[in-house]
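S.K.: I have a structure here, written as structure tokens, and I will follow up with some questions on it.
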Amino acid sequence: MRHFRQRAISSATIFAFGLFSITTVQAAAPQPVEAEHGMVVTAQHLATDVGVDVLKNDGNAVDAAVAVGYALAVVYPTAGNIGGGGFMTIRLKDGKTAFLDFRERAPLASSKTMYLDAKGNVVKGASTDGYLAVGVPGSVMGFETAREKYGTKSRQELMAPAIRYAKEGFALNQADAAELNEGKKWLARDPAAAAIFVKADGKPFETGDTLTQPQLGAALSRISEQGPDGFYKGATADAIVNASRDKGGILAKEDFEQYKVRELDPVTCNYRGYEIISSPPPSSGGVIICEILNVLEGYPLSYTGYGSAATVHLMAEAMRHAYVDRNSALGDPDFVNNPISKLLDKDYAKKIRDSIDPYRAGVSKNLKPNGLGESTETTHYSIIDNDGNAVAVTYTLNGSFGAGVVAPGTGILLNNEMDDFTSKPGVPNLYGLVQGEANAIQPKKTPLSSMSPTIVAKDGKPFMVIGSPGGARIITITLESIVNVIDFGMDIQQAIDAPRIHHQWLPDKVYTEPYTLSPDTIKLLTGMGYNVEVGGDWPVWGQAAGILVGGKSLGDIAKGGGARYNGAMDSRAGSGLAEGY
Ligand code: DON
């Protein structure tokens with residue numbers, strides 16, 4: 001079954017119905033997509049098709065994840081990539097879990113003060129624009145490691161659809177064209193990027209136009225033939241290193257030769273009997289989701305209800321406390337000692353609950369360090385196969401189209417992930433993130449991430465696969481999708497589509513998506529001392545991709561269940577698709 005919507009429809013729906021009440025928006029959510037044998041949910045419909053084909057041809061969920069990862073690098077250039085990095089959370093049918101960290105590493109020539117001028121001030125744009133912003137990419141090594149260790153299919157088979165879409169081109173739909181048009185100004189500054197992603201006549205892309213990327217096709221073919229050496233050695237690495245050297249970057253051949261994937265233990269915690277399996281440092285995601293859930297577990301959320309002032313208060317306070325820890329305590333585990341067991345201790349959660357005034361908002365400046373922000377493009381996909389192997393992948397170039405540069409001849413967009421580091425303690429990065437020493441730049445270090453590919457299990461079986469883009473909000477988007485299912489009884493599509501709230505310690509505000517809260521609720525929260533800010537368009541609120549196993553909601557499961565797999569792509573995603581078989 002296919003399930004495909006344009007972004008314009010979702011905003012219109014929210015606009016039309018949101019004024020009346022939030023439950024109207026939930027009720028308006030489409031039905032989740034049902035399937036019995038496998039499910040793939042991604043932010044681009046062609047990539048979803050690629051994943052479903054792999055599953056139908058007896059590939060497992062990891063095979064499908066690898067094929068989707070390469071396909072998105074072609075058909076979803078704003079975030080899909082081989083020039084960036086990400087995380088993969090795996091839960092196999094026998095209950096074993098794994099986590100692959102293939103995020104970018106800081107180049108060997110990087111330094112703590114590399115984005116500061118002689119006076120010690122941050123140079124605007126240095127960590128986001130062009131080659132100096134680029135971290136050593138990890139996606140290719142990540143996908144190959146996943147395939148070799150957990151997959152069953154040949155690299156050539158899994159990469160073939162991506163290579164075909166790159167060489168032969170694919171037809172843009174409305175959302176694909178809009179993404180490219182939004183990125184035009186950014187991409188036009190780099191001749192090699194402009195030659196691919198900006199029309200020669202300067203006119204906007206239109207629905208039905210074909211995007212062909214022969215150089216990217218050739219780069220993918222080199223990987224298909226030679227494995228990671230086809231990217232980290234030879235023509236591709238040379239072209240990137242040369243372009244970097246010519247254009248103010250610091251990438252060296254050794255950076256590429258030394259790149260390694262890390263296999264780490266996922267972070268796990270138990271929330272109301274559900275096992276949460278999520279991303280460990282260098283992501284903050286799993287730790288902070290678990291810390292917030294541990295705090296919320298002590299409150300009767302299903303009684304206080306979705307969208308009430310009482311619930312928003314409790315969630316905002318849990319988020320406020322957890323984000324202080326995120327911004328001050330966490331970093332790359334090879335460089336800093338992450339206090340994970342302390343942050344995940346249920347007694348620590350109780351201490352946080354004890355400090356929350358039931359009737360008043362907390363005050364962020366009275367809590368210890370730091371702040372936060374948001375970014376613009378990343379992508380998450382969720383997959384489950386007929387055996388029950390589940391895979392959650394979030395990967396990114398960081399900003400939309402990354403650093404906006406393509407090394408001539410490669411067709412590969414490069415990330416601007418270096419901006420996720422602390423350029424200077426106390427100074428916000430492009431998206432408002434104010435972080436500390438734990439996340440300072442060091443050669444070979446990985447910047448702290450919020451990406452949270454998450455799998456939830458219940459009674460030893462997979463229950464939910466979930467994640468989202470959304471910069472610093474990835475954590476709360478993923479968390480709210482889980483809580484909406486477990487505490488508020490929503491089906492998986494409703495849980496993902498429901499308007500969201502977010503608190504990130506500083507600025508001391510509760511952010512809400514338009515039409516999340518009624519005017520009366522906002523008045524109640526203001527009376528408690530909250531500064532409520534309503535707003536923000538879809539990118540900052542993410543594009544979650546989820547699967548629920550055994551029924552579309554807890555109610556459905558309790559009644560004896562519905563379909564085995566229930567997929568939902570966020571209605572905020574213009575080109576996304578949940579599809580099963
Ligand atoms: O790793 C991180 O946390 C960021 N680089 C993610 C950026 C992102 O989600 C942008 N998309 N909306």
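The values are calculated or read from the model by the stated rules, or taken from the named source; none is laboratory data. For clarity, every value in this text was computed on a predicted model and none was experimentally measured. Positions of Cβ are generated from backbone atoms using ideal geometry, with glycine treated the same way; all protein chains shown enter the neighbour counts. For accessibility, only protein heavy atoms count, side chains too; no ligands or nucleic acids. Shrake-Rupley method; radii C 1.70, N 1.55, O 1.52, S 1.80 Å.
S.K.: List, please: which pairs have Cβ atoms under 7 Å, are six or more places apart or on different chains, and start with a residue in the stretch 72-91 that is closer than 20 Å to residue 183 by Cβ and of a type in the set (Lys, Arg) and end with one that is outside any loop (DSSP other than H, G, I, E, B) and more than 12 Å from the ligand (Cβ to nearest atom)?
M.R.: Cβ pairs passing all conditions: none.
S.K.: Can you pull out the residues in the stretch 129-153 that are buried (at least 22 other Cβ atoms within 10 Å of the Cβ) and part of a loop (DSSP other than H, G, I, E, B)?
M.R.: Scanning the stretch 129-153 gives 134, 135, 137, 138, 151.
S.K.: Within the stretch 351-368, track down each residue that is over 15 Å from residue 509 (Cα atoms) and either open to solvent by 40 Å² or more (accessible area, probe 1.4 Å) or basic (Lys, Arg) (or both).
M.R.: If the condition is that a residue be over 15 Å from residue 509 (Cα atoms) and either open to solvent by 40 Å² or more (accessible area, probe 1.4 Å) or basic (Lys, Arg) (or both), then 351, 353, 354, 355, 357, 358, 359, 368 are the ones that fit.
S.K.: In the stretch 398-418, how many residues are within 16 Å of the ligand (Cβ to nearest atom) and either surrounded by fewer than 24 Cβ atoms within 10 Å (Cβ to Cβ) or closer than 19 Å to residue 115 by Cα (or both)?
M.R.: Number satisfying all stated conditions: 11.
S.K.: Answer yes if at least one residue in the stretch 237-256 is in contact with a Ser or Thr (Cβ under 8 Å, 6 or more places away or on another chain), without any contact (Cβ under 8 Å) to a residue 40 or more places away in the chain, of a type outside the set (A, V, I, L, M, F, W, C) and farther than 18 Å from residue 416 by Cβ, and no otherwise.
M.R.: No, the stretch 237-256 contains no residue that is in contact with a Ser or Thr (Cβ under 8 Å, 6 or more places away or on another chain), without any contact (Cβ under 8 Å) to a residue 40 or more places away in the chain, of a type outside the set (A, V, I, L, M, F, W, C) and farther than 18 Å from residue 416 by Cβ.
S.K.: So, one more: Can you tell me which residue within the stretch 369-391, out of those that are modelled with pLDDT under 50 and near the ligand (Cβ under 9 Å from one of its atoms), is most open to solvent (accessible area, probe 1.4 Å)?
M.R.: Once the filter is applied, the top-ranked residue is 374.
S.K.: Still on this structure, please answer the following. Got a sec? Which of 570, 520 is acidic (Asp, Glu) and within 23 Å of residue 450 (Cβ to Cβ)?
M.R.: 570 is the lone residue from the list that is acidic (Asp, Glu) and within 23 Å of residue 450 (Cβ to Cβ).
S.K.: Then there is this: Go through (1) within 30 Å of residue 88 (Cβ to Cβ); (2) open to solvent by less than 20 Å² (accessible area, probe 1.4 Å); (3) not in a loop (DSSP other than H, G, I, E, B) one by one and return the number of the condition residue 348 breaks.
M.R.: It fails just one condition, (2).
S.K.: Condition first: free of Cβ contacts under 8 Å to residues at least 24 places away in the same chain, open to solvent by less than 10 Å² (accessible area, probe 1.4 Å) and either within 20 Å of residue 275 (Cα to Cα) or of a type in the set (Lys, Arg) (or both). Can you find one or more residues in the stretch 549-556 that meet it?
M.R.: yes
S.K.: For the stretch 491-499, check the following and say yes or no: at least one residue is touching a residue at least 40 places away in the same chain (Cβ under 8 Å) and within 16 Å of the ligand (Cβ to nearest atom).
M.R.: Within the stretch 491-499 (the criterion being touching a residue at least 40 places away in the same chain (Cβ under 8 Å) and within 16 Å of the ligand (Cβ to nearest atom)), the answer is yes, since at least one residue qualifies.
S.K.: Before we move on, is residue 545 within 23 Å of residue 475 (Cα to Cα), away from the ligand (no atom under 16 Å from the Cβ) and either buried (at least 24 other Cβ atoms within 10 Å of the Cβ) or within 21 Å of the chain's Cα centre (by Cα) (or both)?
M.R.: Spelling it out, it is not the case that residue 545 is within 23 Å of residue 475 (Cα to Cα), away from the ligand (no atom under 16 Å from the Cβ) and either buried (at least 24 other Cβ atoms within 10 Å of the Cβ) or within 21 Å of the chain's Cα centre (by Cα) (or both).
S.K.: Where residues in the stretch 557-573 are surrounded by fewer than 24 Cβ atoms within 10 Å (Cβ to Cβ) and small (Gly, Ala, Ser), which of them is farthest from residue 497 (Cα to Cα)?
M.R.: Selected residue: 560.
S.K.: Would the stretch 487-499 turn up any residue that is surrounded by fewer than 24 Cβ atoms within 10 Å (Cβ to Cβ) and among the aromatic types (Phe, Trp, Tyr)?
M.R.: Scanning the stretch 487-499 turns up at least one residue that is surrounded by fewer than 24 Cβ atoms within 10 Å (Cβ to Cβ) and among the aromatic types (Phe, Trp, Tyr).
S.K.: Would you pick out the residues in the stretch 386-432 that are without any contact (Cβ under 8 Å) to a residue 24 or more places away in the chain and either closer than 26 Å to residue 44 by Cα or outside any loop (DSSP other than H, G, I, E, B) (or both)?
M.R.: 422
S.K.: Still on this structure, please answer the following. If I go through the stretch 179-212 residue by residue, how many of them are touching a Ser or Thr at 6+ places or on another chain (Cβ under 8 Å) and open to solvent by 70 Å² or more (accessible area, probe 1.4 Å)?
M.R.: 1
S.K.: Now, a different point. Given the condition more than 16 Å from the ligand (Cβ to nearest atom) and in contact with an Asp or Glu (Cβ under 6 Å, 6 or more places away or on another chain), answer yes or no: does some residue in the stretch 299-314 qualify?
M.R.: Scanning the stretch 299-314 turns up at least one residue that is more than 16 Å from the ligand (Cβ to nearest atom) and in contact with an Asp or Glu (Cβ under 6 Å, 6 or more places away or on another chain).
S.K.: When the stretch 38-57 is examined, which residues are found to be among the hydrophobic types (A, V, I, L, M, F, W, C) and part of a loop (DSSP other than H, G, I, E, B)?
M.R.: Once the filter is applied, which keeps residues that are among the hydrophobic types (A, V, I, L, M, F, W, C) and part of a loop (DSSP other than H, G, I, E, B), the stretch 38-57 yields only 43.
S.K.: Of all helices (runs of 4 or more DSSP H) completely enclosed by the stretch 232-327, which ones contain at least 1 residues that are surrounded by fewer than 20 Cβ atoms within 10 Å (Cβ to Cβ)?
M.R.: The helices (runs of 4 or more DSSP H) meeting that bar are 235-246, 253-257, 301-304.
S.K.: Sticking with this one: In this structure, is residue 83 farther than 17 Å from residue 212 by Cβ, in a helix (DSSP H, G or I), open to solvent by less than 10 Å² (accessible area, probe 1.4 Å) and of a type outside the set (A, V, I, L, M)?
M.R.: Against the criterion (farther than 17 Å from residue 212 by Cβ, in a helix (DSSP H, G or I), open to solvent by less than 10 Å² (accessible area, probe 1.4 Å) and of a type outside the set (A, V, I, L, M)), residue 83 does not qualify.
S.K.: Going through the stretch 439-478 one residue at a time, which ones are charged (D, E, K, R), within 16 Å of the ligand (Cβ to nearest atom) and assigned to a loop (DSSP other than H, G, I, E, B)?
M.R.: Correct list: 445 only.
S.K.: Take residue 514 and decide whether it is free of Cβ contacts under 8 Å to residues at least 12 places away in the same chain and surrounded by fewer than 18 Cβ atoms within 10 Å (Cβ to Cβ).
M.R.: no
S.K.: Please count how many residues of the stretch 483-498 are closer than 22 Å to residue 38 by Cβ and part of a helix (DSSP H, G or I).
M.R.: Total satisfying the criteria: 5.
S.K.: Which residue is surrounded by the fewest Cβ atoms within 10 Å (Cβ to Cβ), if the candidates are limited to the stretch 154-178 and must be in a loop (DSSP other than H, G, I, E, B) and touching a residue at least 24 places away in the same chain (Cβ under 8 Å)?
M.R.: Restricting to residues being in a loop (DSSP other than H, G, I, E, B) and touching a residue at least 24 places away in the same chain (Cβ under 8 Å), the top hit is 169.
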